[in-house]
Amino acid sequence: MKPYVFITRKLPDEVVKPLLQNYEVSMWEQEDIPVPKDLLLSEAKKADALLTMLSDSIDEKVLTAGKKLKVVANLAVGFDNIDLKVASREGVAVCNTPDVLTDTTADLTFGLLMATARRLMEAAEFVKDGKWKSWSPLLLAGHDIHHKTIGIVGMGKIGETVAKRATGFEMNILYHNRTRKPAVEQELGAVYVSLDELVEKTDFIVCLTPLTSETKNMFTREMFKKMKQSAIFINAGRGPVVDEQALFDALVAGEIAGAGLDVFEKEPIGADHPLLQLPNVVALPHIGSSSVETRMEMMKLCLSNIQAGIEGNEPKTLVNKDWKPLVKA
Ligand code: DGY
């Protein structure tokens, strides 16, 4: 019997086809709707491998549903949706998709910064709505980006690549991270500071930190109060890193000037979300790594990880480094 792979969202046929040679494969056929939990559980019961999305909660129930599960390949660099402890205990290799999405996610992050600072979405709507009647001196005037200070919170590979983008705009670069990055400091002139100093001195605070128990709610009401009134807050990491009510209140009170958000506390958000009612918020639907080229690379990486995991080999981008394959059916 061929090993069984379940894919939790519809992927292009050209990606899935090569898998069919060696595996029995089935897929949740919806592009926009997540797989229902009961179906995910019944599939996990039978599966040797799961190809999952960041919107799927891969908890103890899923990881222990069956006896055969060997690998979970998540189509994202983030893996906060997966219970790693249980996965390791159960001998399930958990894999993510780093590196292949670094440039694409950095491009989107910097684009979001630019769109927010220069009010690009508002301006485009203004023209489309037929409101452009004349040129005027301060029409939709935004904030400069060049020569300002960017503060990157979470200096992983995506953070470093955003910093590289910032050098093209001759920005001063501050960063805060769990560990210092001497090579980045040397190469890009980035300066390591405490989180407090970063939020106080920065014009563009860019949050790229992964979601962990330490980073959950790290952007509190007090943090927003410490920011400059002209500061713009960008989040392309994970929504729950931010106290969203505190961000909303800071924007309404004019404590900061704007926010560009690719991620939210609970995704997806609806049109009635309070942050969407504010003109100085640019909101995107979690599309950091979403270019066709990159998403195809991410899918390919997931497939190669699935193959390795099923064969009992260490997948290329294994997350739970304490993983040891267990003898499973
Ligand atoms: C991921 O892959 O985890 C990021 O959110 C990029 O969109």
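The values are calculated or read from the model by the stated rules, or taken from the named source; none is laboratory data. Please read all numbers here as calculations on a predicted model, not as lab measurements. Because the Cβ atoms are built from the backbone with ideal geometry, glycine has one as well, and the counts that use them run over all protein chains shown. Calculation scope for accessible area: heavy atoms of the full protein, side chains included, ligands and nucleic acids excluded. Shrake-Rupley method; radii C 1.70, N 1.55, O 1.52, S 1.80 Å.
Please give the length that would be gained between Lys228 and Asp272 if that part of the chain were fully extended, namely 0.36 nm times their separation in residues minus their C-alpha to C-alpha distance (nm, one decimal).
That works out to 13.0 nm of additional length.
Which one of Gln307, Gln21, Gln229 has the biggest mean-square fluctuation once the chain is modelled by GNM with Cα springs under 10 Å?
Of Gln307, Gln21, Gln229, the most mobile in the Gaussian network model is Gln21.
In region 286-322, what trypsin sites (Lys or Arg not before Pro) fall in a loop by DSSP, with at most 16 other Cβ atoms inside 10 Å?
Listed in order of number, the matching sites are Lys316, Lys321.
Take every Cα-Cα distance within region 102-283, group them into 10 Å bins from 0 onward, and report for each bin the whole-number percent of pairs it holds.
The calculated distribution, bin by bin, is 10, 39, 36, 13, 3, 0.
Go through Trp323, Trp132, Trp28 and list them by solvent-accessible area, largest first, probe radius 1.4 Å.
If we order Trp323, Trp132, Trp28 from most to least accessible, we get Trp132, Trp28, Trp323.
Can you list the residues of region 1-26 with backbone N under 19 Å from a point 7 Å past the Cα of Asn313, pointing along Cα to Cβ?
Residues passing the 19 Å test: 3-5, 18-24.
Suppose R0 equals 45 Å; then what is the FRET efficiency for Arg89 and Glu200 from their Cβ-Cβ distance, rounded to the nearest 0.05?
Rounded to the nearest 0.05, the efficiency is 0.60.
At 7 Å along the Cα-to-beta-carbon direction for both Val252 and Glu122, put a label point, then send me their distance in nm to one decimal.
Calculated label separation equals 1.8 nm.
What does DSSP give for the chain in terms of the percent of beta bridges that are antiparallel, rounded to the nearest 5?
Of those bridges, close to 5 percent are antiparallel.
Can you pull the one-decimal nm distance between simple spin-label points at Arg180 and Lys2, each 7 Å off the Cα toward Cβ?
My value for the distance between the label points is 5.4 nm.
With all protein chains present, calculate the accessible area of Ile33 using a 1.4 Å probe and round the result to the nearest 10 Å².
About 90 Å², ignoring ligands and nucleic acids.
Probe 1.4 Å, all protein chains in place: accessible area of Cys302 in Å², nearest 10?
0 Å²
In square angstrom, rounded to the nearest 10, how much accessible surface does Asp56 have for a 1.4 Å probe?
Rounded to the nearest 10, that gives 10 Å².
List the GluC sites (Glu not before Pro) in region 157-259 that DSSP assigns to loop (not H, G, I, E or B) and whose Cβ has at most 11 other Cβ atoms within 10 Å. Which are they?
Glu170, Glu214
For the chain, just say rounded, prolate or oblate: build the C-alpha gyration tensor, square-root its eigenvalues into a ≥ b ≥ c, call rounded for a/c under 1.5, and beyond that prolate if a/b exceeds b/c, oblate if not.
Because a/c hits 1.5 or more and a/b exceeds b/c, the chain counts as prolate.
Taking R0 as 56 Å, what FRET efficiency do you get between Lys324 and Leu188 from their Cβ-Cβ distance, rounded to the nearest 0.05?
E between Lys324 and Leu188, to the nearest 0.05, is 0.90.
Hey, what's region 134-248 come to in accessible area per residue, 1.4 Å probe, Å²?
That works out to 48 Å² per residue.
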